[in-house]
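Reading through the structure tokens given below for one structure.
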Amino acid sequence: MHIFFRGVFFVLLFSSFVFTQHPDPVRGKNGMIVSASKIASEVGIQILKKGGNAIDAAVAVGFALAVTYPAAGNIGGGGFMVIHFNNGKSTSIDFREKAPMYSHEKMYLDSNGNFLPHLSQEGETSSGVPGSVAGLIYALEKYGTLPLREVIKPAIKLAEKGFILDYRLAQSINAFYSDFIKYPSSMKIFTKNGSKFEEGDRFIQKDLAKTLKLISKKGRDGFYKGEVADKIVNQMRNSGGLITYEDLENYKVVEREPIISTFKGYKVVTMGPPSGGGVILLQSLNLLENFEFNKDEWNSSSYIHKLVETFKYAYADRSKHLGDSDFYPVPLIELLNKDYAQRIFAQIGEYATPSSQISPTEFPKYDESQETTHYSVIDKFGNAVSVTTTINSAYGAKVVVDGAGFLLNNEMDDFSAKPGEPNQFGLTGSEANKIEPGKRMLSSMTPTIVLKDDKAVLILGSPGGSTIPTAVLQVVLNYLVFGMQVQAAVNSPRIHHQWLPDRIDFEDQAILYDVKENLIKKNHVIGEKRILGRVEAIAIENGIFYGATDPRGYGGAVGY
Ligand code: DON
């Protein structure tokens, strides 16, 4: 063999790391942060370098994203944090928004019972009670080691002094120009005195800096009481929004047992209700575990068929059974049961079953329940944190709280406003996810940590509404089953099916010509080409951290 090829052969054979045509992920030995904003990832690394742990860093990244990634980073929204500690234990923190106390089942219907999506999707009427500030502070106080003022300081500085807009961020803000100019409070922040931003502009957010300083000084009271609360409530009163002082004061973070299942020798730790994302991920893995995968099968018609048929059953169950488990008896044990997965597996044949012939499974008796942007963090102590947070749509309700400098969420659209009526992600729901005062709207967010021998080997999650669980699942399979290096696992094109509508959506290059032909022969319907998720992942191999940011976005992995 030629000496060069022998060298390559040697490297390929003896490296634990798999080289591909994809760029190398970012390497680190002491810590790694992957988020949708490189500036925010750098903030997290500075906190780790100061001796903070992964939770301190995650909280610092969360506040920094509220400044540097306004499309989804937030203090006006909510999210979920899954933590795996170096002692082998895991937990999850639910800081999802809640429906205001004056909300009611028919609030987005007209007198004839027609759904009014403009009320649930934009403006103050679409906002749930924000949970992010309470959630980040809860995590920090219980599991962090640094004081709040220290982890929030970088965010304050970024808001006050500003930062330089890169091409993609300027483009992202400008894409919503016509929305922002409808609201004077949004126009003040997200336009340059009425005109569009340009790459290279310094983006300063003085009002947001003031709000962050109040939070730094007074903790959660700096947001849920006093000046900021006054501003939120005033704005609601002037616009038909429902959030009151009591709603803000009564907002509660809930620490929950994460949901866990096994998959081919790994443990998968993820978020349970009120997110449905983790349930879909685990249900799908339980089912897919029954298939034999050939290493060469990736994105063949047989592989896509297996995924799609699996997703149809999982999303059908979601439509009936998933909602806030504090309000509705979610049959979690039944849904995650491996025998149940085998029963579904037995129904999957060679041809596509039309979604119209698949209905949510009826379970004989429910056990009373025991119960968008993603960032992944790991520290040198081996603590892993996986956070997905959202204001729902890009730039949420599109309206900034005047004088407080942050965007309100439009999370109320994640409820099922009317049985069978699709929301902005085409998801339908029923009783389990109807609007009720104080209830959390069902989410698809899927912050996940995969373990081997109780140690984190993969930390990941994604935005993308209903496409989140299927995006996360495909990256997990790419990495665990198909042996791709983590950057390749993240980059590779994905497909999506969510039961209704009955069609396979796909990314560029995901379904090649003959594969498409074969899928059609199996009676599948080929849907739309679109972007599916934006995964921010960390893989841990032999004590080295490999960070992979998704090229679909413009984030950054930073390690040291
Ligand atoms: O919680 C959810 O499932 C949605 N509100 C997430 C929205 C989202 O991912 C938007 N990002 N593309």
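Model label points for Lys529 and Asn294, set 7 angstrom from Cα along the Cα-to-Cβ axis, are 2.8 nm apart.
Once you sort the root eigenvalues of the Cα gyration tensor of region 152-218 as a ≥ b ≥ c, which label holds: rounded (a/c under 1.5), prolate (a/b larger than b/c) or oblate (the other case)? The shape class here is oblate.
Treat every Asp and Glu Cβ in region 317-415 as -1 and every Lys and Arg Cβ as +1, leave all other atoms uncharged, and give the resulting dipole magnitude about the Cα centre to the nearest 20 debye.
I would put it at about 320 debye.
Annotation for Arg503 and Ser356: the two label points, set 7 Å from Cα along the Cα-Cβ direction, are 1.6 nm apart. As a fraction of the 1.4 Å probe accessible area of the chain, surface on carbon and sulfur atoms comes out at 52 percent. Gain on full extension, evaluated as 0.36 nm per residue between Asn112 and Asp24 minus their Cα-Cα distance, stands at 26.0 nm.
Loop only per DSSP, at most 14 neighbouring Cβ atoms within 10 Å: give me the GluC sites (Glu not before Pro) in region 251-353, ordered by residue number.
Those that pass, being in a loop and sparsely packed, are Glu292, Glu350.
With all protein chains kept in place, the per residue accessible area of the chain amounts to 38 square angstrom at a probe of 1.4 angstrom. For region 234-391, what does the alpha-carbon gyration tensor say about shape, rounded, prolate or oblate, given a ≥ b ≥ c as the root eigenvalues, a/c under 1.5 as rounded, and a/b over b/c as prolate? Prolate, since a/c reaches 1.5 and a/b exceeds b/c.
For a straight C-alpha distance cut-off of 28 angstrom, the lysines reachable from Lys452 (same-chain residues fewer than eight places away being disregarded) are Lys29, Lys49, Lys89, Lys142, Lys264, Lys267, Lys295, Lys306, Lys338, Lys380. For the pair Glu255 and Lys50 in one chain, pulling the backbone fully straight at 0.36 nm per residue adds 71.1 nm over the alpha carbon distance. Toward the positive end of the charge dipole of region 173-284, with +1 on the Cβ of Lys and Arg and -1 on the Cβ of Asp and Glu, the farthest Cα among Val279, Gly222, Tyr251 is that of Gly222. Under the simplified labelling scheme, the Lys522-Lys452 pair shows an inter-label distance of 2.8 nm, with each label point 7 Å from Cα along Cα→Cβ. Let a ≥ b ≥ c be the square roots of the eigenvalues of the Cα gyration tensor of the chain; is it rounded (a/c under 1.5), or, if not, prolate (a/b larger than b/c) or oblate? Verdict is oblate for the chain.
Beta-bridge orientation, the chain: approximately 95 percent antiparallel, per DSSP, counting only bridges with both partners inside. Taking a straight Cα-Cα cut-off under 24 Å and skipping sequence neighbours fewer than 8 places away in the same chain, the lysines within cross-link reach of Lys106 are Lys98, Lys320, Lys398, Lys418, Lys434, Lys439.
Note on the chain: with charges restricted to the Cβ of Lys and Arg (+1) and Asp and Glu (-1), its dipole about the Cα centre is near 1440 debye.
The values are calculated or read from the model by the stated rules, or taken from the named source; none is laboratory data. The structure presented is a predicted model; accordingly, all values stated were derived computationally and were not measured. FYI the Cβ positions are ideal-geometry reconstructions off the backbone, even for glycines, and counts take in every protein chain you see. SASA here: full protein model, heavy atoms, side chains in, ligands and nucleic acids out. Shrake-Rupley method; radii C 1.70, N 1.55, O 1.52, S 1.80 Å.
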